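The block underneath contains the structure these notes are about, expressed in structure tokens.
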Amino acid sequence: MLSRLRNLHTTSGSAADASSRATSHSARNALPPQPLAVPPAKRPPSPSAPSSRYEKNELRGAQRWWRRAADAGHWLAALELARITSDSALHAKRVLLRQAARGGIGPAASVLGGMLSREGRWISSAAVLHKAAAAGDVSCLRILGVAYAELGRTGKAREVWARAAEAGSAPAAVNLGTVEAQSGRVPAALAIWESLEESSYSPVAFRCRGVAALLAGDHASALALLAKANEVTDWRSSVLLAYSHARLGSSAEAAIWIRIARRVGLGSARDGHVYLRKVVAGDWLAVVGDWQR
């Protein structure tokens with residue numbers, strides 16, 4: 001693969017009380033007072049677990065109560081009933097989420113829209129997300145942008161991602177930068193990626209900036225940016241580091257990064273070579289890996 005790396009650029013995460021009562025009077029005189037035991041704090045239950053708000057013996061009654069309210073047209077009741085419905089009853093859960101989403105309830109729309117998008121049902125996903133997104137729900141805006149992009153409606157995707165990014169969504173900002181770069185507006189994309197330096201998406205943003213430097217022929221800057229991207233090691237950034245080292249004539253370093261890439265998820269040398277060809281050709285979605293959802 002190293003020879004290909006060198007040539008690629010040219011080809012494209014109360015017991016104490018009981019004890020005290022059991023102790024004799026003489027023992028109490030002999031021993032200093034003992035502090036009361038403080039029970040350990042209970043870990044809060046998962047919000048997605050059906051029993052997180054209700055004890056098991058209360059769950060059935062809660063379901064009946066929320067069902068009556070949902071049937072009367074209360075959207076939040078439909079969302080709560082969906083939350084406490086078992087995942088094994090997936091169809092019933094989806095019906096309830098859809099009911100809540102029709103009322104513009106953002107959490108319901110984002111959950112159902114996300115389910116549909118993962119199944120590739122982009123038109124259905126967009127339909128579910130539209131009302132809550134129009135009301136400014138950031139999660140719905142982000143997922144709706146993905147649906148639009150997958151449907152080829154890049155202008156609409158840019159519009160909703162811009163709204164989500166302005167509201168503070170880092171993944172939407174990554175997507176917005178990707179769309180800008182794909183449209184040839186690389187300086188605008190770089191400004192967006194630079195704004196993500198302190199976010200949890202900084203590795204992706206550094207990778208994109210490194211590729212921009214690479215494509216501009218600035219291999220030294222590319223190497224520095226890709227090294228920052230790889231502080232959270234991933235195979236794409238590792239492959240790009242290998243390529244940068246190879247371009248600078250350091251075959252030994254390039255070989256090290258190819259081995260690291262294989263260790264952290266690169267399937268084969270061919271996969272790495274295909275990825276590099278897409279990067280060198282300016283395929284910005286390949287650089288990122290996929291739309292951030």
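The values are calculated or read from the model by the stated rules, or taken from the named source; none is laboratory data. No experiment lies behind these values; they were computed from the predicted model shown. Cβ sites come from the backbone with ideal geometry, for glycine too, and all protein chains shown count toward neighbours.
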### Query
Which condition does A286 not pass, out of (1) in contact with a Pro (Cβ under 8 Å, 6 or more places away or on another chain); (2) at pLDDT 95 or above, if it passes all the others?
(1)
### Query
Given (1) closer than 15 Å to W284 by Cα; (2) more than 17 Å from the chain's Cα centre (by Cα), where does S125 come up short, assuming only one miss?
(1)
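In a helix (DSSP H, G or I) and of a type in the set (D, E, K, R), is that true of E231?
On the way: in a helix (DSSP H, G or I): no; of a type in the set (D, E, K, R): yes.
No; evaluated as a whole, the condition is false for this residue.
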#### Entry: In the stretch 226-253, the residues that are aliphatic (A, V, I, L, M), closer than 15 Å to A205 by Cα and surrounded by fewer than 24 Cβ atoms within 10 Å (Cβ to Cβ)
A227, V232
### Message
Out of everything in the stretch 137-191 that is among the polar types (S, T, N, Q) and buried (at least 23 other Cβ atoms within 10 Å of the Cβ), what residue ends up being farthest from the chain's Cα centre (by Cα)?
### Response
T178
## Note on the structure
Residue pairs within 6 Å by beta carbon, gap of at least six or interchain, first lying in the stretch 270-282 and surrounded by fewer than 17 Cβ atoms within 10 Å (Cβ to Cβ), second assigned to a helix (DSSP H, G or I), listed first then second, are H273/R4; K278/A286
